[in-house]
Amino acid sequence: MRSFAGRISRLFHLRMETRAFNAYHDIFSLRLASKNYLRTRKFLLILYDAGSVLGIVGMFAAVVMLVWTAVSLSSSILLRLTAPHTSTRLLKRAADVTSRAPTSPSGRIVNPIVSRMHVAGHSHSLTFRGAHRSANRYLA
C-alpha cells in the first residue's frame, strides 16, 4: 500500500533523485566539523537558532492576531444583536426633512460663495449657467 505523498508524487511526476551534490555536502560538513572553521560553524549555528526563534515569535504573533480578530468580530456581532431597537418613526420623519434639497432664493442649488476670482490682477467670473437647470431635472 502506497502512502498519500507517494501517490501524489507519482501522479504529478514529482520525483527527483540525485547524487551529484553528495560530494560537495560531504566536503562542506567535514570542513564545518574541523577546528579550522570554528567561527563559521558558530555563525551558522547562531543564524539557525535566530531563525528558529523568529519562527516561533512569528507563529505566536499570528495566533495572537487571529484571536484578536475573532474576539473583535464576535464582539461587534454580539453588540449588534443585543442593541436595543429604536423607534423608526423618528428616523423616518428625519429622512423626510433631510430628503428635500435646499434651494436659494435665486432657484439655484449650487451657489458660489465668491462670485469673482482674482488671479494676478485679472478678474474672472465664475458662472454656473445651466447647472441649476440640469440639477432641477434630476430633482423633479
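Please treat every number below as a calculation from the coordinates, not as lab data. In this text, all values refer to a predicted model and were calculated from it rather than measured experimentally. Cβ placement follows ideal geometry from the backbone for every residue including glycine, while neighbour counts extend to all protein chains displayed.
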**Pair Leu30, His13: separation of 7 Å Cα→Cβ label points (nm)** = 3.8
**Message:** At 7 Å along Cα-to-Cβ for each site, give me the label-to-label distance between Ala50 and Leu38 in nm.
**Reply:** 2.2
